[in-house]
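Let me begin by presenting the structure, written as structure tokens, before commenting on it.
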Amino acid sequence: MEHCRDEGGFAEERNSRPFVDTMRRLFPLHDLEVEELFPPHGTHMRLASDEEGYCAFLTSEGCRLPRDVRPWFCLLFPFWVRGRMLTMFTASDCLVCRETKTLEESLVLIGTTTKEVRYIFGRLKLAWGFEPESDE
């Protein structure tokens with residue numbers, strides 16, 4: 001990714017049990033696939049973080065990467081899809097979570113729609129090796 005080539009924007013990390021368990025909670029219908037995609041001695045790529053554990057691209061104003069080059073997860077955050085239900089993570093450091101009280105307010109603040117969030121979630125699943133369900 002040219003926007004982060006000189007900054008070490010991504011880091012390779014071992015597939016720890018806590019990581020795999022988190023992936024299984026995020027994708028409850030894909031337990032077997034999670035175990036296959038993230039084997040115990042394998043690795044995965046993640047965004048690099050600073051000394052405090054924050055994304056290397058996160059600033060007080062939000063992400064400094066142009067929207068058109070952000071990873072799918074970053075485009076999706078703080079939203080998530082569980083079956084047919086659109087939900088939000090509750091991250092105290094997230095500007096959207098701090099400035100809004102409802103999912104609807106958050107969608108408006110970001111300038112997106114439920115349909116767009118579902119599309120991005122489907123793209124994220126494909127990028128991570130999962131097939132989207134037909135009802136997502």
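Quick note: the coordinates plus some simple rules give every number you see, no bench work behind them. The structure presented is a predicted model; accordingly, all values stated were derived computationally and were not measured. All Cβ positions, glycine included, derive from the backbone under ideal geometry; neighbour counts span all protein chains shown.
Translational diffusion of region 71-131, estimated by Stokes-Einstein from the Kirkwood radius over alpha carbon pairs at 37 °C in a medium of 0.692 mPa s, is 277 µm² per second. Divided by 2.2 N^0.38 Å, where N counts the residues, the Cα radius of gyration of the chain comes to 1.09. Here the residues VAL81, VAL69, ranked from fewest to most Cβ neighbours within 10 Å of their Cβ, fall in the order VAL69, VAL81. Annotation note: chymotrypsin sites (Phe, Trp or Tyr not before Pro) in region 2-95 located in DSSP loop regions with a Cβ neighbour count of at most 15 within 10 Å are TYR54, PHE89. The longest stretch of the chain left intact once loop-based trypsin sites (Lys or Arg not before Pro) with at most 10 other Cβ atoms within 10 Å are removed from consideration, loops following DSSP, is 1-83.
Among the GluC sites (Glu not before Pro) in region 13-101, those placed in a DSSP loop whose Cβ has at most 10 other Cβ atoms within 10 Å are GLU51, GLU52, GLU61.
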